[in-house]
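A.B. asks: One structure follows; several queries about it will come next.
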Amino acid sequence: MTGEAVAFYVISALILGFAVLVVSTRNTVHAVLYLVLNFLAVAALYVLLTAQFLAVIQILVYAGGIVVLYLFVVMLVNLKRPPEDHSAPQRRGWLGVGLAGLVLAQLGTILVWGGSGVAADPQTMQNSDLAINNVERVGMLLYTDYLVPFEVASMLLLVAMVGAIILAKREL
């Protein structure tokens with residue numbers, strides 16, 4: 001086994017271990033810190049795969065921005081409050097199930113649509129060429145072959161943002 005394969009398996013084991021720690025720890029601050037370590041291990045995996053641009057974006061966006069947002073939410077929410085004894089009458093469980101089904105249908109469509117493409121042969125690409133044109137390749141693939149999944153992801157983020165604004169406005 002080569003050194004790259006050993007590094008891949010070690011980093012993959014770290015990613016899985018940190019993911020298990022995120023969902024199994026009882027302390028929410030520790031869960032967020034394990035999430036940071038998980039994101040950093042994913043960035044290390046991107047570096048190993050010669051995708052330095054994605055590694056930097058992973059660190060800046062996820063390990064930097066998203067985790068800081070999680071920490072603010074954890075610090076602002078009163079975690080010592082006891083759980084509610086009853087459920088709210090305005091909750092619509094069937095709506096949540098329907099929306100979850102819609103998201104799963106979109107995911108299935110993306111998988112079927114994306115599975116029909118032809119993957120590039122890694123043996124024909126040279127590592128130096130891949131490292132030099134990494135950002136250009138990501139941009140070209142994002143706006144040509146993966147345009148529909150990119151737009152679906154942007155729509156899902158927009159819907160989540162609008163939903164968060166509506167929920168926050170209801171609380172004010």
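The values are calculated or read from the model by the stated rules, or taken from the named source; none is laboratory data. The shown structure was predicted, so the numbers you read here are calculated from the model rather than taken from an experiment. Virtual Cβ from ideal backbone geometry, glycine too; neighbours counted across all protein chains shown.
A.B. asks: Pairs needed: first member in the stretch 147-169, touching a residue at least 40 places away in the same chain (Cβ under 8 Å); second member anywhere, not polar (S, T, N, Q); C-beta distance under 7 Å; at least 6 residues apart or different chains.
C.D. replies: Correct list of pairs: Val152/Ile110.
Conditions (1) out of contact with any Leu (no Cβ under 8 Å at 6 or more places or on another chain); (2) at pLDDT 85 or above; (3) assigned by TED's automatic domain parsing to the domain that holds Arg137, marked per residue:
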{"residue": "Thr2", "(1), (2), (3)": "yes, yes, no"}
{"residue": "Val20", "(1), (2), (3)": "yes, yes, no"}
{"residue": "Phe39", "(1), (2), (3)": "yes, yes, no"}
{"residue": "Tyr62", "(1), (2), (3)": "yes, no, no"}
{"residue": "Met75", "(1), (2), (3)": "yes, no, no"}
{"residue": "His86", "(1), (2), (3)": "yes, no, no"}
{"residue": "Gly98", "(1), (2), (3)": "yes, yes, yes"}
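A.B. asks: Is there a residue in the stretch 26-39 that is in a helix (DSSP H, G or I), surrounded by 11 or more Cβ atoms within 10 Å (Cβ to Cβ) and out of contact with any helix residue (DSSP H, G or I) (no Cβ under 7 Å at 6 or more places or on another chain)? Before the answer, list the steps.
C.D. replies: Our first condition is that a residue be in a helix (DSSP H, G or I); within the stretch 26-39, this holds for 28-39.
Okay, now just the ones that are also surrounded by 11 or more Cβ atoms within 10 Å (Cβ to Cβ), so 28-39.
Imposing the further condition that a residue be out of contact with any helix residue (DSSP H, G or I) (no Cβ under 7 Å at 6 or more places or on another chain) reduces the set to 30, 33.
Looking for residues that are in a helix (DSSP H, G or I), surrounded by 11 or more Cβ atoms within 10 Å (Cβ to Cβ) and out of contact with any helix residue (DSSP H, G or I) (no Cβ under 7 Å at 6 or more places or on another chain), one finds at least one in the stretch 26-39, hence yes.
A.B. asks: Test each condition in (1) under 24 Å from Val138 (Cβ atoms); (2) part of a helix (DSSP H, G or I) for Thr50 and report the one that comes out false.
C.D. replies: Every condition holds for Thr50 apart from (2).
A.B. asks: Quick check, is Gly163 at pLDDT 70 or above, on the phi < 0 side of the Ramachandran plot and either part of a helix (DSSP H, G or I) or touching a strand residue (DSSP E or B) at 6+ places or on another chain (Cβ under 7 Å) (or both)?
C.D. replies: Details: at pLDDT 70 or above: yes; on the phi < 0 side of the Ramachandran plot: yes; either part of a helix (DSSP H, G or I) or touching a strand residue (DSSP E or B) at 6+ places or on another chain (Cβ under 7 Å) (or both): yes.
Yes; evaluated as a whole, the condition is true for this residue.
A.B. asks: Given the conditions (1) among the polar types (S, T, N, Q); (2) at pLDDT 75 or above; (3) loosely packed, with under 10 Cβ neighbours inside 10 Å, and given that Thr109 satisfies all but one, which numbered condition is not satisfied?
C.D. replies: Status for Thr109: all satisfied but (3).
A.B. asks: Another question about this same structure. Being over 18 Å from Tyr62 (Cβ atoms) and small (Gly, Ala, Ser) is the filter here, so list the residues in the stretch 18-34 that pass it.
C.D. replies: Within the stretch 18-34, Ser24 is the sole residue that qualifies.
A.B. asks: Output the qualifying pairs, or none if there are none: Cβ atoms under 6 angstrom, residues six or more apart or on different chains, first residue in the stretch 47-72 and farther than 12 Å from Val135 by Cβ, second residue loosely packed, with under 15 Cβ neighbours inside 10 Å and not polar (S, T, N, Q).
C.D. replies: Leu48/Ala7; Thr50/Ala131
A.B. asks: Might you check whether a residue that is in a loop (DSSP other than H, G, I, E, B) and modelled with pLDDT of 70 or more occurs anywhere in the stretch 119-136? Show your work before the answer.
C.D. replies: First, pick out the residues of the stretch 119-136 that are in a loop (DSSP other than H, G, I, E, B): 119-126, 133.
Within this subset, residues satisfying the condition of being modelled with pLDDT of 70 or more are 133.
Checked against the condition, which is being in a loop (DSSP other than H, G, I, E, B) and modelled with pLDDT of 70 or more, the stretch 119-136 yields at least one hit.
A.B. asks: Is it the case that Leu16 is under 24 Å from Val74 (Cα atoms) and surrounded by 15 or more Cβ atoms within 10 Å (Cβ to Cβ)?
C.D. replies: Spelling it out, it is not the case that Leu16 is under 24 Å from Val74 (Cα atoms) and surrounded by 15 or more Cβ atoms within 10 Å (Cβ to Cβ).
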